[in-house]
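Step one of this worksheet: look at the structure below.
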Amino acid sequence: MAPAVVTRALEPGARLAASARAIDAADLAGRLPDIVIRAREVAASVVHGAHGRRRAGMGENFWQFRPFGAGEPAHRIDWRRSARDDRLFVREREWEAAHSYFLWMDCSPSMAFVSSLALEPKLDRALTLGLALADVLMRGGERVGLAGLTHAMSTRDIIERLAQALASAGESARAELPPAAPLPAGAKVLLFSDFLCDPAELADRLGRIAANGAAGALLMIADPVEESFPFEGETLFLDTDSRATLRAGRAQAWREAYAERLARHRDEIVRAAAGARFSLHLHRTDRPAAEAALTLSFALASGLERV
């Protein structure tokens, strides 16, 4: 896809339309303290229990009593509890088969893009949402880790633990594709990126992840400028991954062709996700982070099992 990520208007008096710079280890570490705070706020705003794993099933921990239903086997009746009431009750146990979730937040150069229409850079939004969902999942009883960086864990300071792992990751955190490292069988995977990558390479990587039974979801994060292409007049486009530049004499004349190319690219990303039987969701950085967190939480509550 032609680079259309960093733009600078050249007309007299025109303001800077967007900015981005390479993400180094110091930059990433510097962002994380504020992102950790925002992640906790977003996690707290997610509806309680949107992804709770507590449900009836095989396990040792008591969950709740419920009235005995007609047609159920009599051996399920809890006679001690039933003796205190004029109804029969069944003791339910909590389902204990916790899942292992692995997150990947894209920290490649294109994710540093931010326009004046966005609330924050794509990178900050990806990190905020990934860490917030980690906390939501942990509170639901699941284990969470970073793909290629950590094992899945369940700890109350999950946000801080994952943030520290990202800060220490070095160049491995800045690849534009999720890692090819093998995951446990049946793992769940959540990927946060703008997916401005080669769709064929992404399809291959998702296929490898899914081959071991993993199910997952992609959250495509976009700056509103990347969708609307609001540029007028002489504009210089700068590639975040290289020093390449592209000058447009009348940027508005490119708008229709750009929209068509973006639509084709996204169709290819959709097909790549569908080929691995992953779900895909779109989120723009001019929308609240909690909105995307709720969307993903409800998707998790419905299950990521491949159909």
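The values are calculated or read from the model by the stated rules, or taken from the named source; none is laboratory data. All values reported here derive from a predicted model rather than from experimental measurement. No Cβ is skipped: glycine too gets one built from the backbone with ideal geometry, and neighbour counts run over all protein chains shown. The protein model used for the area step is the full one, side chains on, heavy atoms only, and it has no ligands, DNA or RNA in it. Shrake-Rupley method; radii C 1.70, N 1.55, O 1.52, S 1.80 Å.
Counting heavy atoms of the protein chains alone, PHE89 has an accessible area of about 10 Å² for a 1.4 Å probe. Using heavy atoms of the protein chains and a probe of 1.4 Å, the accessible area assigned to SER168 is about 90 Å². By the equivalent-ellipsoid construction on the alpha carbon gyration tensor, the stretch 123-165 comes out with semi-axes of 15, 12, 9 Å, ordered largest to smallest. Would you mind pulling out the separation of the Cα centroids of the stretch 103-140 and the stretch 250-288, in Å? The stretch 103-140 and the stretch 250-288 have Cα centres separated by 18 Å. Within the stretch 126-225, the trypsin sites (Lys or Arg not before Pro) that combine a DSSP coil assignment with at most 15 other C-beta atoms in a 10 angstrom radius are ARG156. Shape annotation for the stretch 137-276: C-alpha extents along the principal axes are 54, 32, 27 Å, from largest to smallest.
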